[in-house]
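Beneath this line is the structure, given in structure tokens, with notes to follow.
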Amino acid sequence: YENDFENVEKLSEFNKKTGTWSVADGKLNGGTDNSTSLLIKYLDNLPENYEVSADITHTGKTADSSEGIVFGATDETNFYHLRVAIRSGGGQLIQLFQWKDGSATELAKVEPFTWYEETENGKTCTLTAKIQGKKITCYANGEELFTYTINGTDNPALGTGVGYRVYKTAMNSDKIVVTRISTKQAGVELPESSIIIDNESQAGLTAVIS
């Protein structure tokens, strides 16, 4: 699956949302400096081993805020969230969180970590989560950060929702991409499958957000 937000109709693939979201000039814009915004799309036929990646450009306030990608969502209260964050004192870090029945728990972090690259339009970071069975490996700008293994009842079940979450800031993103991890990458000696989950070619692909 890939959404490049080339026009406003691309936002309609996410048929429900919370908070503030819009599409303009080929980019998804989300969040405000005093609210939380969540955007999730559920994918049919999501494989067990896959990767979700998005470019995140920070455009809002630079203290006590966070933004990042959502994956493994079953609904708006149960999901995993890889986020870049800035503490109230300005320190930067990257965190993996889970939301289970609406309660957030930090699973892993790197702190301090200068997560952004200065660009003409803001501060940009490419966030990637690789899901291989119950193992989650997280990356920022291509650098491997940490791995977390889901251990059962303490963690929410892995669902099929992917998207974004923004807390007390604003961001934009030019695309979100979900790719199948090949059997060789996953360490299984079987023929490789096609890598792109393409919503244009899969009938019945739906999106749900709350």
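Since every read-out is calculated from the coordinates, none of them should be taken as a lab result. Remember, it's a predicted structure, so these values are computed and weren't measured experimentally.
For segment 68-114, place one equal point scatterer on every Cα, skip the solvent, and apply the Debye formula. What is log10 of I(q)/I(0) at q = 0.27 Å⁻¹? Log10 I(q)/I(0), no solvent term: -0.93. In summary, the lysines within cross-link reach of LYS10, defined as a Cα separation below 19 angstrom excluding same-chain residues under 8 places away, comprise LYS27, LYS41, LYS175. Along its principal axes, segment 129-176 has C-alpha extents of 34, 23, 19 angstrom, given from the largest down.
What are the semi-axes of the equivalent ellipsoid for segment 1-98, taken as the square roots of 5 times the Cα gyration tensor eigenvalues, largest first, in whole Å?
On the way: eigenvalues 102, 65, 31 Å².
Those come to 23, 18, 12 Å.
P(r) tail for segment 31-71, what percent of Cα pairs lie past 11 Å? The partial results should precede the final answer.
Numbers: 610 of 820 pairs.
So the portion of pairs separated by more than 11 Å is 74 percent.
Cα-based radius of gyration for segment 62-159, normalised by 2.2 N^0.38 Å, reads 1.08. List the lysines whose Cα lies under 21 Å from the Cα of LYS109, skipping any in the same chain that are fewer than 8 positions away. LYS109 reaches LYS100, LYS123, LYS130, LYS134, LYS135, LYS168.
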